[in-house]
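Just dropping this structure here.
The values are calculated or read from the model by the stated rules, or taken from the named source; none is laboratory data. For clarity, every value in this text was computed on a predicted model and none was experimentally measured. Cβ placement follows ideal geometry from the backbone for every residue including glycine, while neighbour counts extend to all protein chains displayed.
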Amino acid sequence: MRAALKVLAGALALFVASEMGAQDAGAPPRVEDVLKRASAHLDSLQTVRFHAEVNFDDALPSGTKIQYAGAIDIAARRGGQLFVDYRDDLSARRLWVDDGVFTLLDPIRGFFATHRSPGPVLGLLDEMEARFGVTAPLAILIVPDFQSVVLARTQRRRWVGLHDVEGIACHHLALRGKTADWQVWVEDGEIPWVRKAVVTHRNLPGAPQFVAVLMDWEADPELPADLFEPELGDAMEIEFLEIGGRDQ
């Protein structure tokens, strides 16, 4: 009997060990590692360009959400040059960043404004959002070491699974920040392009979402120098209005 029990115990030990090994082998990747790989790839490029199709919510006072659509084209050159062409069902704008100068054009209304703030692109983009409420959607992806920026702004993270984006298998990541939830899909392949992003603004009424599907990525494309020079035509220059600066 004792011999039989020993054999059974040994068999159970082998079974548990094999199960633990299987779990280890199938352990999900760390969110930090997935983001680091995507970030390192983008950091290795001198120039990059991509297109995104976007949808976003407008939460009405009645509680109804209206969804609108738009598109973004982004081009960047390492060293602090950025061009964003944004248009949607309600508005359009183009922005240029070059040598610490942020220029924003409203091609529909015919106005433009500029702001200078020497230093890294991330600092300039953060200042534009904090002081003037001006954002550059998806521009965080061209900031050096963007994964560190994302991780610094989120407190909880999890790998959701391998999920599809336009027929491409991607690591689906969920991250929670102080006021917003982020979801990011990173391609599970030789080149870890970011393929989709969703931001849910928990701090706003109705928790509206911004959804972007990223495509047509180009690694080290030839970008003309004048792409980063503002084309303003006969637009009228105005000044950025600081948040809280309007008369009440």
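Restricting the search to the stretch 107-137, which residues are outside any loop (DSSP other than H, G, I, E, B), surrounded by fewer than 20 Cβ atoms within 10 Å (Cβ to Cβ) and over 23 Å from the mean Cα position of the chain (by Cα)?
Phe111, Ala113, Thr114, His115, Arg116, listed by residue number.
Looking only at the stretch 224-232, decide whether some residue is in contact with a Pro (Cβ under 7 Å, 6 or more places away or on another chain), surrounded by 17 or more Cβ atoms within 10 Å (Cβ to Cβ), within 26 Å of Gly70 (Cβ to Cβ) and among the aliphatic types (A, V, I, L, M).
Looking for residues that are in contact with a Pro (Cβ under 7 Å, 6 or more places away or on another chain), surrounded by 17 or more Cβ atoms within 10 Å (Cβ to Cβ), within 26 Å of Gly70 (Cβ to Cβ) and among the aliphatic types (A, V, I, L, M), one finds none in the stretch 224-232, hence no.
Would the stretch 153-166 turn up any residue that is part of a strand (DSSP E or B) and in contact with a Phe, Trp or Tyr (Cβ under 8 Å, 6 or more places away or on another chain)?
Checked against the condition, which is being part of a strand (DSSP E or B) and in contact with a Phe, Trp or Tyr (Cβ under 8 Å, 6 or more places away or on another chain), the stretch 153-166 yields at least one hit.
OK, next. What tally of residues in the stretch 161-173 results from selecting those that are crowded, with 17+ Cβ neighbours inside 10 Å and either under 19 Å from Ala219 (Cβ atoms) or at pLDDT below 95 (or both)?
2
I've got another one for you. Filtering the stretch 138-160 down to residues that are surrounded by fewer than 18 Cβ atoms within 10 Å (Cβ to Cβ) and touching a residue at least 60 places away in the same chain (Cβ under 8 Å), which residue is nearest to Asp220 (Cα to Cα)?
Pro144
Consider Tyr68 carefully, then state whether it is exposed (fewer than 14 other Cβ atoms within 10 Å of the Cβ) and either part of a strand (DSSP E or B) or in contact (Cβ under 8 Å) with a residue 60 or more places away in the chain (or both).
Considered against the rule, which asks whether it is exposed (fewer than 14 other Cβ atoms within 10 Å of the Cβ) and either part of a strand (DSSP E or B) or in contact (Cβ under 8 Å) with a residue 60 or more places away in the chain (or both), Tyr68 comes out as yes.
When the stretch 184-199 is examined, which residues are found to be surrounded by fewer than 17 Cβ atoms within 10 Å (Cβ to Cβ) and of a type outside the set (A, V, I, L, M)?
Scanning the stretch 184-199 gives Asp188, Gly189, Glu190.
Now, a different point. Can you report the number of residues in the stretch 55-65 which are part of a strand (DSSP E or B) and either loosely packed, with under 12 Cβ neighbours inside 10 Å or polar (S, T, N, Q) (or both)?
Matching residues across the stretch 55-65 total 1.
A follow-up question, please. Count, please, the residues in the stretch 75-106 that happen to be in contact (Cβ under 8 Å) with a residue 12 or more places away in the chain and either among the hydroxyl-bearing types (Ser, Thr, Tyr) or part of a loop (DSSP other than H, G, I, E, B) (or both).
9
Follow-up. When you check Arg93 against the structure, is it under 17 Å from Phe50 (Cβ atoms), modelled with pLDDT of 95 or more and basic (Lys, Arg), yes or no?
No: the conditions fail for Arg93.
For the stretch 88-106, name all the residues that are out of contact with any Lys or Arg (no Cβ under 8 Å at 6 or more places or on another chain) and surrounded by fewer than 17 Cβ atoms within 10 Å (Cβ to Cβ).
The answer is Asp88, Asp89, Leu90, Ser91, Ala92, Asp99.
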